[in-house]
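Remarks on the structure that follows.
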Amino acid sequence: MQVQIKSADEIELMRTSGKLLAEVFHMLDGFVKEGVSTLEINDKVEDFIRHELNARPASLGQYDYGFSLNSSINEVVCHGVPSDNQRLKAKDIINLDITLEKNGFIADSSKMYVMSAANPIAKRLVKTTYEAMWAGIKKVKPGATLGDIGAAIQTLAEGKGYSVVKEYCGHGIGREMHEEPQVLHYGKAGTGLVLKEGMTFTIEPMINQGKAKTKTKKDGWTVVTADKKLSAQWEHTILVTKTGYEVLTLREEETTN
């Protein structure tokens with residue numbers, strides 16, 4: 001599959017999906033707290049997307065997945081499965097990864113939520129991962145390369161003593177959740193696909209406290225760190241503009257970036 005260049009009309013539809021997805025996280029800011037189960041979060045998100053936003057939770061049914069989001073706590077790197085038995089504890093950090101489809105176009109974003117008693121080590125990892133995502137985003141412009149993005153993320157994360165997960169990456173997005181290109185979160189500047197105006201893709205680094213190695217649990221979905229240490233992730237859907245980038249899933253509290 002070739003990398004798709006979105007038309008002006010398609011970009012406008014993607015902006016709509018991105019803004020709606022940002023509203024989902026704004027709603028969750030007042031809902032995600034200690035004692036809430038990950039299944040309750042999932043059900044809240046599905047109801048909000050369907051009935052408040054008149055949109056579709058795009059993850060539900062994708063690859064036969066039975067939920068509207070991934071909920072990845074502490075050592076879970078990605079693809080954590082919501083459960084009624086899994087309730088947030090005071091020291092937890094959790095990534096909520098959500099996709100939304102409106103008018104045929106999909107937006108994809110994830111956010112870390114840090115519980116009240118999370119330790120400074122966990123908070124530093126979450127903050128650094130966020131900074132790494134933005135380091136990658138800020139490399140986006142026509143004529144830059146995917147290697148520029150990956151190198152910026154890897155340099156920042158490894159410079160703070162962390163490791164970058166290599167098995168999972170960002171991806172093109174539009175009418176399909178996963179399109180070309182694959183967006184690695186490591187690499188060499190000046191290498192890889194050259195970016196062009198109208199490309200849309202996600203940047204979603206997964207950064208580990210310990211080693212980069214991961215393993216998948218028996219459920220076939222949940223990916224955890226092999227050394228049981230913490231992992232964090234942030235994600236946005238990005239548009240390559242004429243002069244740089246636009247974050248299509250930008251949240252209200254992020255407008256200063």
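For the range 34-84, what does the alpha-carbon gyration tensor say about shape, rounded, prolate or oblate, given a ≥ b ≥ c as the root eigenvalues, a/c under 1.5 as rounded, and a/b over b/c as prolate? Please report the intermediate quantities before stating the final value.
Values: a/c = 2.44, a/b = 1.34, b/c = 1.81.
Oblate shape, in that a/c is at least 1.5 and b/c is the bigger or equal ratio.
Output the DSSP H helices from the chain with an along-axis C-alpha extent of no less than 18 Å and a mean Kyte-Doolittle hydropathy no less than -1.0. Walk me through the numbers before you get to the answer.
On the way: long enough: 8-28 (31 Å, 0.31); 120-137 (26 Å, 0.16); 146-159 (20 Å, 0.69).
Flagged H segments are 8-28, 120-137, 146-159.
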### Query
What is the distance, in nm, between label points placed 7 Å from the Cα along the Cα-to-Cβ direction at LYS211 and at LYS166?
1.3 nm
### Task
Quickly rank 46-59, 26-39 as a protection proxy: mean count of other C-beta atoms within 10 Å, highest first.
46-59, 26-39
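Given charges of +1 on the Cβ of Lys and Arg and -1 on the Cβ of Asp and Glu, with all other atoms neutral, how large is the dipole of the chain about its Cα centre, in debye to the nearest 20? Spell out each step's value before the answer.
Working: 32 positive and 34 negative charges, 207 e Å.
Here the size comes out at about 1000 debye.
Let me make sure I get this right: for the chain, a, b and c are the square roots of the gyration tensor eigenvalues over alpha carbons, sorted descending. Under 1.5 in a/c it's rounded, otherwise prolate if a/b > b/c, else oblate. Which is it? Don't skip to the answer; put the middle values down first.
Details: a/c = 1.65, a/b = 1.14, b/c = 1.44.
Verdict is oblate for the chain.
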#### Entry: Dipole of the chain [Lys/Arg +1, Asp/Glu -1 at C-beta], most positive-end residue of PRO142, LEU28, VAL223
VAL223
### Task
Calculate one ³J(HN,Hα) per residue across the range 245-252 by plugging θ = phi - 60° into the Karplus curve 6.51 cos²θ - 1.76 cosθ + 1.60, and present them in order as whole Hz with x for glycine and proline.
9, 9, 8, 6, 10, 4, 9, 3
#### Entry: Mean Cα-pair separation over length for the range 170-257, i.e. relative contact order, pairs under 8 Å, 6 or more apart, %
25 percent
### Query
Short version: ³J(HN,Hα) in whole Hz for each residue of the range 92-102, in order, from phi by Karplus 6.51 cos²θ - 1.76 cosθ + 1.60 (θ = phi - 60°), x for Gly and Pro, what are they?
6, 10, 9, 9, 10, 10, 10, 10, 9, 10, 9
### Query
Structure shown: which of LYS160/LYS242; LYS123/LYS215; LYS139/LYS217; LYS6/LYS188 lie over 31 Å apart, alpha-carbon to alpha-carbon?
LYS160/LYS242; LYS139/LYS217
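Shape verdict for the range 37-182, please, from the Cα gyration tensor: rounded (a/c under 1.5), prolate (a/b greater than b/c) or oblate. Please list the in-between numbers first.
Values: a/c = 2.19, a/b = 1.12, b/c = 1.95.
Since a/c reaches 1.5 but b/c is at least a/b, the shape of the range 37-182 is classed as oblate.
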### Query
So what J values fall out for the range 173-183 if you push phi through Karplus, 6.51 cos²θ - 1.76 cosθ + 1.60 with θ = phi - 60°, rounded to Hz, Gly and Pro as x?
8, x, 5, 10, 5, 10, 10, 6, x, 7, 10
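Values quoted throughout were computed directly from the atomic coordinates according to the rules given, and no laboratory measurement underlies them. This is a predicted model, so every value here is computed, not measured. A quick note on method: Cβ atoms are made from the backbone with ideal geometry, for glycine too, and the neighbour counts reach across all protein chains shown.
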